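The values are calculated or read from the model by the stated rules, or taken from the named source; none is laboratory data. Because the structure is a prediction, the values reported are computed rather than measured. When we count neighbours, we look across all protein chains shown, and the Cβ atoms used for this are built from the backbone with ideal geometry, even at glycine. With ligands, DNA and RNA removed, areas are computed over all heavy atoms of the protein, side chains included. Shrake-Rupley method; radii C 1.70, N 1.55, O 1.52, S 1.80 Å.
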Amino acid sequence: MNLQDFEIQYREAMAETLNELQTAVLLLAQVQQKISKIGSSVQTISECVEEFIADQKAE
């Protein structure tokens, strides 16, 4: 393998690795957003259940 072939192989590998890293970062952002939505849903459900329990105890 000569220097030019090595350089081409290196640049291709770096480009592929950077693309994979960018994909991972985008997926992480999606996961964080999904976790936040799930957390909000759990909070809402918890508030509804607590309100229902309080109403039942008041009766």
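At-a-glance table
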{"item": "Pair list, Cβ < 9 Å and 6+ apart or interchain, from segment 1-13 residues that are on the phi < 0 side of the Ramachandran plot to residues that are at pLDDT below 95 and open to solvent by 100 Å² or more (accessible area, probe 1.4 Å)", "result": "Q9/M1"}
{"item": "Of all residues in segment 1-48 being of a type in the set (D, E, K, R) and open to solvent by 100 Å² or more (accessible area, probe 1.4 Å), the one that is nearest to the chain's Cα centre (by Cα)", "result": "K34"}
